[in-house]
Amino acid sequence: MRIVVKNIINSPIAAFHTDGSLVFEKLEQSLNKGVSILVGFEGITQCSTQFLNASVGKLYLQHSPEIVDSLLSFDYAGLPHLAFKLAEVRENAIHSKTYDAILEEATT
Amino acid sequence: MAEPTVFTLENEIKTNFSGYNQLTRFYHFCLTRPNDKIFHIDFSNINWVDGNMCALLWAMIYDLYKRNKQTFTADSDIIQRKFDVLMRNGFLNGDSPVVDDRQSTVPIRYFNCTDKEGFCDYINNNLLTHRGMPEHLDNAFKERISEDLLEIFCNTQFHANTLEPFFVGGQYYPTKRKLIFTMVDMGDGFLPRISRATNGAINNDLAAIAWALKGNSTKLALEKCPGGLGLKNILKYCAENQGVLQVVSRGGFWSSDMENTIFEGGRVLGCPFLGTTINLMFQKNPAIF
């Protein structure tokens, strides 16, 4: 399955948390069904980490990284450093989950 | 017609603790006189104004008009003679078209906090192409800065809990080869949300700023969503390129160039303004310094 970010958010600028939430809903549906999904960034001229955190990062909080990595792929289109940002968002989300778990264990 | 109430500015208004303090004293002077409707800002006693600080002054004037219906005047002769930068950057130009023949200003503007297209257009066409920006910026680097600034704009839209405009503006200082860019939101500031997210563990403005700069984010605790990369990345860029990041949130003033000084950790402002002001200082050619 393929989704195009620009078509979902109706803008070439993927910026806000609310933009990311729209994309997250589509990704979440696919992951829950075990369906592979390709996320296309064609037509996107700018992309904030706030958007990426809300759309992709949140997936890594709610699912195991192995499952997300196996089902999710990206077409970076005209944004050459997007791969780096997505890696950063992924890392940040996984560490957030780890830190959260440590805190929860430490306070019980 | 009543005589205007005069507020006299003193010495200089630079992008530092002292400059910020003076403008917030002006704001509180006017705020605490709600029955005075016309104020005259006296520029005769000051010898310098950092043009980018007009973004903050404009936010203050906007808020005072909205709250108290207060209006403001200044002596146009003094402005034209001593501070024409306030006209060249569009802050005081009346109906005349804005002309910056020295190409040293980044226009003072405001954006609706949902206008991501307008903000990005302004950043890409007014800031990143400015002659005062670092010389080594290739397109990939410009994209990163643009997106980090977009992150600050997005933070206002998400975190600041406000629908009020977002004020911006910049100034290039050729003798110092630096460009300062100022962004002002009129929201709640860092502390309220961070205090909630940390169950009160973070309980003052400076601690909230420090917490955010480390890459922490309230989104994890409050929305179960990761966050916290934008401000941290901007700080990293400044550290790697001899730039300076200043964050002023309500009563807390923090600047990256105060680290390793007696003011490491920040300073407390006597009269806080609303929301958060972020000042970025870009060094034109870091290799020289």
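The values are calculated or read from the model by the stated rules, or taken from the named source; none is laboratory data. Every value quoted in this text rests on a predicted model; they were computed, and no experiment measured them. Cβ sites come from the backbone with ideal geometry, for glycine too, and all protein chains shown count toward neighbours.
Confirm whether B:T182 is more than 22 Å from B:T24 (Cα to Cα) and either buried (at least 19 other Cβ atoms within 10 Å of the Cβ) or not aromatic (F, W, Y) (or both).
Here the answer is no, as B:T182 does not meet what is asked.
Say we look at segment A:63-84 and pick out the residues that are under 11 Å from the mean Cα position of the chain (by Cα) and in contact (Cβ under 8 Å) with a residue 24 or more places away in the chain; which of these is nearest to the other protein chains (Cβ to nearest Cβ)?
A:V68
Being β-branched (V, I, T) and in a helix (DSSP H, G or I) is the filter here; which residues of segment B:61-85 pass it?
B:I61, B:I78, B:I79, B:V85 - these are the residues of segment B:61-85 that are β-branched (V, I, T) and in a helix (DSSP H, G or I).
Select from segment B:219-246 the residues that are at pLDDT below 80 and not small (G, A, S) and write down the one among them that is surrounded by the fewest Cβ atoms within 10 Å (Cβ to Cβ).
Checking each candidate, the answer is B:K224.
How many residues does segment A:1-54 hold that are in contact (Cβ under 8 Å) with a residue 40 or more places away in the chain, polar (S, T, N, Q) and within 14 Å of chain B (Cβ to nearest Cβ)?
2
Of all residues in segment B:105-144, which are out of contact with any Phe, Trp or Tyr (no Cβ under 7 Å at 6 or more places or on another chain), more than 8 Å from chain A (Cβ to nearest Cβ), in a helix (DSSP H, G or I) and surrounded by fewer than 22 Cβ atoms within 10 Å (Cβ to Cβ)?
B:D121, B:Y122, B:N124, B:N125, B:N126, B:N139, B:F141, B:K142
Let me spell it out: the conditions are (1) surrounded by 13 or more Cβ atoms within 10 Å (Cβ to Cβ); (2) more than 19 Å from the chain's Cα centre (by Cα); (3) part of a helix (DSSP H, G or I); (4) not hydrophobic (A, V, I, L, M, F, W, C), and B:H40 meets all of them except one. Which number is the exception?
(3)
What do you reckon, is A:A87 within 17 Å of B:C225 (Cα to Cα), assigned to a helix (DSSP H, G or I) and either of a type in the set (A, V, I, L, M) or touching a residue at least 24 places away in the same chain (Cβ under 8 Å) (or both)?
When the stated conditions are applied, A:A87 passes them.
How many of the residues making up segment B:206-251 are basic (K, R), within 14 Å of B:T276 (Cβ to Cβ) and within 14 Å of chain A (Cβ to nearest Cβ)?
Step one: of segment B:206-251, the residues basic (K, R) are B:214, B:219, B:224, B:232, B:236, B:250.
When the remaining residues are screened for being within 14 Å of B:T276 (Cβ to Cβ), the result is B:250.
Subsequent filtering for residues that are within 14 Å of chain A (Cβ to nearest Cβ) retains none.
Qualifying residue count, segment B:206-251: 0.
Can you name the residue in segment A:4-57 that is of a type in the set (K, R) and over 27 Å from B:N112 (Cα atoms) and, of all such residues, is surrounded by the most Cβ atoms within 10 Å (Cβ to Cβ)?
Among those that are of a type in the set (K, R) and over 27 Å from B:N112 (Cα atoms), it is A:K26.
Suppose we filter B:E164, B:E147 for residues that are facing another protein chain (nearest Cβ under 9 Å) and over 17 Å from B:I209 (Cα atoms); which single one remains?
Just a single option satisfies the conditions, and that option is B:E147.
So which helices (runs of 4 or more DSSP H) stay within segment B:157-224 end to end and still have 2 or more residues that are touching a Pro at 6+ places or on another chain (Cβ under 8 Å)?
Counting at least 2 such residues, we get B:218-223.
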